[in-house]
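Everything on this sheet refers to the single structure shown next.
Nothing in this text is a laboratory measurement; each read-out follows from the coordinates by a stated rule. Remember, it's a predicted structure, so these values are computed and weren't measured experimentally. Please note: Cβ atoms are built from the backbone with ideal geometry, for glycine as well, and neighbour counts cover all protein chains shown.
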Amino acid sequence: MRFSNRTVLVTGAASGIGRAAALRFAREGAFVFCLDQADAVAGTADAINADGGCAQALQGDAADEAFIASAVDRAVAARGRLDAIFANAGISGGMTLLADLQVAEWERVLHVNLVGVFLAIREGARVMVPQGGGSIVCTASVAGLRSGAGGIPYSASKAGVINLVQTSANQLGGTNVRVNCICPGLTETGMTAPVFEQARARGSEHKLGQLNPLRRYARPEEAANVALFLASDDASYVNGQAIAVDGGLSSSHPTVPGRFV
């Protein structure tokens, strides 16, 4: 029960990695505030409460300044403190080619994926610094490490998350507030559903994830497990890091299968 009597806030908790993390935090003893703009966020909180845990759903936009500030304040008012935030909410933005990208599309993706994370870090730090510490974990992506894993706005936003985590961890130096991020590879979530649906329709699901050493895609729980570790005291000396959860995909330059040179 690594989070017994602790308060955790999870954005993007209606589905995918966010939902899996919210369920895991609760099973480890946390009171979980589940945030998402989708109606299904209520289902995540209901599932936690039905399982004997404690959760409250807050419906709103994770990139809305007033909503995030209010959610943090509500968590502190209800529980007296905020121990961890998992800033997970994000959108893919599609795979529009560079020449066809519109400024509005670019701004929408960066607003959700990067401004939303910035708000979670800023508002979390606002209460964590005075209370003597806390942990903020963000969802970036292998797309933020290098090209080839997402569209241009998405990849740029996730690279921004990685740098934001690093700079925030340093600006919060000496406060005992840790800031880290996970960089998932291909994971079956609502965001990636079209990829999986197309692969299953043509009978090639077994090829998904074939480029990483594990030769498979990830389940949301596998990324959630790493987020839980980073948020816990087990990671008390881990700070300013971007942890790839990608089956080893980012560990190698492209190679021909079976050959190493």
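Going from the residue with the fewest nearby Cβ atoms within 10 Å to the one with the most, Val195, Val137 rank Val195, Val137. Remark: relative contact order (the chain) = 18 percent; criterion is Cα-Cα distance under 8 angstrom and separation of 6 or more residues. For region 35-118, a crude dipole built from +1 on the beta carbon of Lys and Arg and -1 on the beta carbon of Asp and Glu, taken about the Cα centre, is about 280 debye to the nearest 20. Neighbours of His206 by Cβ distance under 13 Å: Lys/Arg scored +1, Asp/Glu scored -1, total +4. Amide H contacts under 5 Å for Ala62: Gln37, restricted to partners 5 or more places along the chain or on a different chain, H placed in the peptide plane at 1.01 Å from N. Across region 116-129, computed HN-Hα scalar couplings (Karplus, 6.51 cos²θ - 1.76 cosθ + 1.60, θ = phi - 60°) run x, 5, 4, 5, 4, 5, 4, 6, x, 5, 4, 9, 6, 4 Hz from first to last residue, x flagging Gly and Pro. From the coordinates of this entry, Rg and Dmax of the Cα atoms in Å is computed, and it appears in (1) 17.7, 51; (2) 18.8, 77; (3) 18.0, 59 under the label (3). Between the beta carbons of Val129 and His253, assuming R0 = 45 Å, the FRET efficiency works out to 0.65 to the nearest 0.05.
Taking the chain, the Cys residues with no second Cys beta-carbon under 4.7 angstrom are Cys34, Cys54, Cys183.
The slack in the chain from Arg108 to Asp233, taken as 0.36 nm per residue of separation less the alpha-carbon distance, amounts to 41.5 nm. Database remark: amide H of Val245 closer than 5 angstrom to the amide H of Cys183, Gly185 (H placed geometrically; neighbours at sequence offset of 5 or more, or on other chains; Pro and chain starts carry no H). Under 5 Å from the amide H of Gly190 lie the amide H atoms of Gly16, each residue being 5 or more positions distant or on a separate chain, with H modelled from the backbone and absent for Pro and chain starts. In terms of surrounding Cβ atoms within a 10 Å radius of their Cβ, Leu208, Leu172 rank from fewest to most as Leu208, Leu172. Is the shape of region 72-217 rounded, prolate or oblate, going by the alpha carbon gyration tensor and its root eigenvalues a ≥ b ≥ c, with a/c under 1.5 for rounded and a/b larger than b/c for prolate? Prolate, because a/c is 1.5 or more and a/b exceeds b/c. A simple rule links phi to the HN-Hα coupling: the Karplus curve 6.51 cos²θ - 1.76 cosθ + 1.60 with θ = phi - 60°, which for region 18-34 gives x, 5, 4, 5, 4, 5, 5, 4, 5, 5, 8, x, 7, 8, 10, 8, 9 Hz, with x for Gly and Pro.
Taking packing as the residue-averaged number of other Cβ atoms within 10 angstrom, the listed peptides 102-109, 36-43 run from highest to lowest as 36-43, 102-109.
The charge dipole of the chain, taken about the Cα centre with unit charges on the Cβ atoms of Lys, Arg (+1) and Asp, Glu (-1), comes to about 660 debye, rounded to the nearest 20.
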